[in-house]
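The values are calculated or read from the model by the stated rules, or taken from the named source; none is laboratory data. No experiment lies behind these values; they were computed from the predicted model shown. So basically every Cβ, Gly included, is an ideal-geometry build from the backbone, and we count neighbours across all protein chains shown.
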Amino acid sequence: MFGFLSRKNHFPVDGRTILITGASQGMGKEVARILAQKGANVVVVARDVKKLESAINYISSAAANPEKQRFHSISADVTKAEENTRIIEEVTAWNHGAPPDIVWAIAGASIPGLFIDTSLETLHSQMDINYWSAAYLSQAVLKLWLRPEPKPASHPTPAPSRRLIMTSSVIAFVGLAGYAPYGPCKAAMRSLADALRSELHLYRGAQKHNPSLAPPVDVKVHCVCPGTILSPGLDEENKHKHPVTKLLEKSDPKQTAEEVAEASIKALEGGHFLIVTQWLAALMRAASLQGSERNSWLTDTLLSFVASVVWLFVGPDLDKQVLKYGQEHGVSVS
């Protein structure tokens, strides 16, 4: 309950096998590097084979124990359900028949733009890479993790601790003009994380109902919501971004991929569920918690009050900026 007082590491990774999608560049690559520094065995997934080769060299060079740690890359299209099943199967085989201990879905891309100007093809592709890729991966690994097995009569083993981490965005908390193709995908992912966190209690209860099954379920879900990340992805995103969107976020704090990775992992070590990586995102998160699990009941309650007051001024100001831009520049409808 008093998460802000806890010093326990809720995210130990030394000697564990971690699967990360979208890890050939940006946040994903930095997350993999830091986890390698902490002693993890890391499997990275992306489409581009050359980028994967470069990423593996970068990540493995940071290994805490190069003689013991192992690294692997998989080229795959994570927007396809069957590819996600293949990824889990390949990682399990590579990991001597054991499923990965931690799965972190980071693959994603933003193609911003005004909603009515965005093609249906782009709307579908945005949902594919930003929501369905994580949903497919989550279902594939949870089916494996939650599969009941008979408990051995002797030599009981402790429950394996497993973590499923999704990477959403602060846009899941507050919708902005120009992010209609992207924001709903990330909001859907945040909602999926909420639903899975609730569903996992069902499996914990079922194990108590039938103790002959093993191992006891110890799976936790986390949702990371970064803000603006200085990365190649941002450079590409800015090519499509409407000027009014740039106006609305011009004063937003920006972080390097390394800063986002460090903040995310630190929050995971603190046991947080809905994770943000900078102060503005913390206010946005607090204002939109609703039924989501609190990281700290005291801090989140105070921040929720502060955010509700701040939004009395920030919300109308954002609306005025959009209105003023339309008055000064107009807008075309094709």
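Odds and ends about this structure:
- Checking every residue in segment 314-334 against the condition of being at pLDDT below 80, among the polar types (S, T, N, Q) and touching an Asp or Glu at 6+ places or on another chain (Cβ under 8 Å) gives at least one match.
- Filter result for GLU258 (out of contact with any strand residue (DSSP E or B) (no Cβ under 9 Å at 6 or more places or on another chain), more than 20 Å from ILE129 (Cα to Cα) and either touching a residue at least 60 places away in the same chain (Cβ under 8 Å) or of a type in the set (A, V, I, L, M) (or both)): yes
- Here HIS72 clears all of (1) surrounded by fewer than 20 Cβ atoms within 10 Å (Cβ to Cβ); (2) outside any strand (DSSP E or B); (3) in contact (Cβ under 8 Å) with a residue 24 or more places away in the chain except the condition numbered (2).
- Here THR79 meets the list (1) surrounded by fewer than 22 Cβ atoms within 10 Å (Cβ to Cβ); (2) farther than 25 Å from THR122 by Cα; (3) not aliphatic (A, V, I, L, M) almost entirely, failing just condition (2).
- Residue in segment 41-62 that is part of a loop (DSSP other than H, G, I, E, B) and buried (at least 20 other Cβ atoms within 10 Å of the Cβ) present: no
- Hits in segment 140-152 - residues which are exposed (fewer than 15 other Cβ atoms within 10 Å of the Cβ) and assigned to a loop (DSSP other than H, G, I, E, B): ARG147, PRO148, PRO152
- Matching residues in segment 282-304 - criterion: being farther than 21 Å from PRO253 by Cβ and crowded, with 16+ Cβ neighbours inside 10 Å: SER292, GLU293, ARG294, SER296
- Of the set (1) under 16 Å from SER169 (Cβ atoms); (2) surrounded by 15 or more Cβ atoms within 10 Å (Cβ to Cβ); (3) at pLDDT 90 or above, all apply to PRO253 but (2).
- Segment 9-40, residues that are over 18 Å from GLU269 (Cβ atoms), of a type in the set (S, T, N, Q) and in a helix (DSSP H, G or I): none
- Tabulated pairs, segment 305-334, first surrounded by 12 or more Cβ atoms within 10 Å (Cβ to Cβ), second of a type in the set (Gly, Ala, Ser) and not in a helix (DSSP H, G or I), C-beta under 7 angstrom, 6+ apart or interchain: VAL322/ALA177
- Matching entry among SER292, SER308, SER304, SER296 (being polar (S, T, N, Q) and in contact with a strand residue (DSSP E or B) (Cβ under 8 Å, 6 or more places away or on another chain)): SER292
- Residue in segment 235-246 that is closer than 20 Å to GLY271 by Cα and of a type outside the set (Lys, Arg) present: no
- For segment 112-139, residues that are surrounded by 20 or more Cβ atoms within 10 Å (Cβ to Cβ), hydrophobic (A, V, I, L, M, F, W, C) and either in a loop (DSSP other than H, G, I, E, B) or more than 15 Å from the chain's Cα centre (by Cα) (or both) total 0.
- Positions within segment 59-86 being of a type in the set (A, V, I, L, M) and either farther than 17 Å from ALA40 by Cβ or modelled with pLDDT under 95 (or both), in sequence order: ALA76, VAL78, ALA81
- Number of the exception - ALA177 against (1) in a helix (DSSP H, G or I); (2) within 30 Å of ASP317 (Cα to Cα): (1)
- Within this structure, MET166 fails the test of being assigned to a helix (DSSP H, G or I), in contact with a helix residue (DSSP H, G or I) (Cβ under 9 Å, 6 or more places away or on another chain), buried (at least 23 other Cβ atoms within 10 Å of the Cβ) and at pLDDT 95 or above.
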